[in-house]
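Below: one structure, written as structure tokens.
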Amino acid sequence: MSSLRIAWRAQRIEPFYVMEVAKAAAAMAREVAQSSQPMIFLNIGEPDFTAPPLVQQAAARAIHSGNTQYTQATGLQELRERISGWYATRFKADVAPGRIIITAGASAALQLACLALIEAGDEILMPDPSYPCNRHFVSAAEGNAVLVPTTPDERYQLSSAKVQAAWTERTRGVLLASPSNPTGTSIAPDELRRIHAFVHSRGGITLIDEIYLGLSYEEDFGHTALAMGDGLGHSIISINSFSKYFNMTGWRLGWLVVPDELAPVIERIAQNLFICPSTVAQHAALACFEPESLAEYERRRAEFKARRDYFIPELNRLGLTVPVMPDGAFYAYADCTEAAKRLGVSGSWDFAFELMKRAHLAVTPGRDFGTMAPERYIRFSTANSMAQLKEAVARLEAVLA
């Protein structure tokens, strides 16, 4: 028997069930690869698109020219300036380059923010359901994620009233996501403003995960919290990424926008923990903001919207009800209660594995996303081709008939 003592902070981190399901799906995919129904993966939130040509070419140039050594911990100054310009042109937001910290993915951005701001025992309010890793970053900083139940009527987002009701002397702030994973829903700008104004009045912090912000489809949403008026936007801490809108998942590059006074603190921690993000990825990301690349990203955004507009009505027709139409990202959070009964199983976990077995279709059960009836919900990812989505609908229809 091992005498190795595992730290308590590590024991607090729950398994990432979506990856456990993915491993099972990958194993089955190998078995059915040559069958008439190879596995369709609608479980992982990863765009099927890859970095566009100019980005790939920029990476190759960086390697061939030897631009591969360390950058500053805060990232390439030119990249910070281009992100600042993107905020100005796309969102009409004034975000100075000095507030932008380039990070090794959004995960590193969240880790840096949590380590800089959360003391042991601090509570961070989060909506339930929400992305599991976000609460685990809080736990890793020895804080406590407090999940606040939300409803479809609230678009699965926190309200100012719920934040005020849940606030205690131990509360340090809120961690929101807009658009969110797993629901694809955003916070209405007026409600977000009310939440942040209250949090700010209490001396708290508002962290907002905006990694799907570029993939917004409705005019009522798709506004960065950094553009909030009356100076409130300058006290927001925003996490973003090159993974989703910019289609650079494996490049591991993101960024963090912080108030001016926090930037040197984050820089100091980043110097020690990460040294710097990938230099090659940073040079490649410069090309994301070329007109040709931006035009391609907008074409792809339109394709993601077309997939949503096809797939979610089909789920509803099949009895896999999506209570709120997503306004962004590429997810469908569907109630599988009735569909599970049709397959003779109970709960989303068994339903997901039954779909894997009968339809060779991989989806994600709700277990990862919180405590609000996770057994009722499954998450579909529509980050797959329209042809694959249509085949998935046909298979669902066949097994649920």
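The values are calculated or read from the model by the stated rules, or taken from the named source; none is laboratory data. Worth saying up front: this structure is predicted, and the values here are computed from it rather than measured. Cβ placement follows ideal geometry from the backbone for every residue including glycine, while neighbour counts extend to all protein chains displayed. For the accessible areas, the whole protein counts, side chains as well, though only heavy atoms, and no ligand, DNA or RNA atoms are used. Shrake-Rupley method; radii C 1.70, N 1.55, O 1.52, S 1.80 Å.
When the residues of the stretch 76-102 are narrowed to those that are touching a Pro at 6+ places or on another chain (Cβ under 6 Å) and open to solvent by less than 70 Å² (accessible area, probe 1.4 Å), which ends up nearest to Leu232 (Cα to Cα)? Going through the qualifying residues, I end up with Ser84.
Of all residue pairs spaced 6 or more apart or on separate chains, those with beta-carbon atoms under 9 Å, a first member in the stretch 122-149 that is at positive phi and a second member that is part of a helix (DSSP H, G or I) are Glu142/Trp8; Glu142/Arg9.
Checked against the criteria, Gly184 counts as assigned to a loop (DSSP other than H, G, I, E, B) and open to solvent by less than 10 Å² (accessible area, probe 1.4 Å). Of the residues examined, Ser65 is one that is at pLDDT 95 or above, open to solvent by 50 Å² or more (accessible area, probe 1.4 Å) and either more than 25 Å from Cys133 (Cβ to Cβ) or within 22 Å of the chain's Cα centre (by Cα) (or both). Taking the condition open to solvent by less than 50 Å² (accessible area, probe 1.4 Å), more than 21 Å from Thr224 (Cα to Cα) and among the small types (Gly, Ala, Ser), does Ala284 pass? It is true that Ala284 is open to solvent by less than 50 Å² (accessible area, probe 1.4 Å), more than 21 Å from Thr224 (Cα to Cα) and among the small types (Gly, Ala, Ser). The set of residues from the stretch 138-165 being open to solvent by 30 Å² or more (accessible area, probe 1.4 Å) and in contact with a strand residue (DSSP E or B) (Cβ under 8 Å, 6 or more places away or on another chain) comprises Asn144, Ala145, Val146, Leu147, Pro149, Lys162. Checked against the criteria, Arg12 does not count as open to solvent by 70 Å² or more (accessible area, probe 1.4 Å) and either on the phi < 0 side of the Ramachandran plot or not acidic (Asp, Glu) (or both). Residues in the stretch 87-132 that are under 29 Å from Ala287 (Cα atoms), assigned to a helix (DSSP H, G or I) and not β-branched (Val, Ile, Thr): how many? So the answer is 16. Applying a threshold of 7 Å to beta carbon distances and a minimum spacing of six or more residues, or different chains, the list of pairs starting in the stretch 4-26 at a residue that is among the small types (Gly, Ala, Ser) and ending at one that is surrounded by 10 or more Cβ atoms within 10 Å (Cβ to Cβ) and not in a loop (DSSP other than H, G, I, E, B) reads Ala24/Met356; Ala25/Phe41; Ala25/Met356; Ala25/Ala362. Every condition in (1) open to solvent by 40 Å² or more (accessible area, probe 1.4 Å); (2) within 23 Å of Gly370 (Cα to Cα); (3) not aromatic (Phe, Trp, Tyr) is met by Arg202 except one, and the failing one is (2).
Residue count for the stretch 36-62 under the criterion of being open to solvent by less than 50 Å² (accessible area, probe 1.4 Å), among the small types (Gly, Ala, Ser) and over 18 Å from Cys288 (Cα atoms): the result is 1. In this structure, His196 does not qualify as under 22 Å from Met325 (Cα atoms), out of contact with any His (no Cβ under 8 Å at 6 or more places or on another chain) and touching a residue at least 40 places away in the same chain (Cβ under 8 Å). Residues that are outside any strand (DSSP E or B) and in contact with an Asp or Glu (Cβ under 7 Å, 6 or more places away or on another chain) were ranked within the stretch 137-153; the one that is farthest from Thr371 (Cα to Cα) is Gly143.
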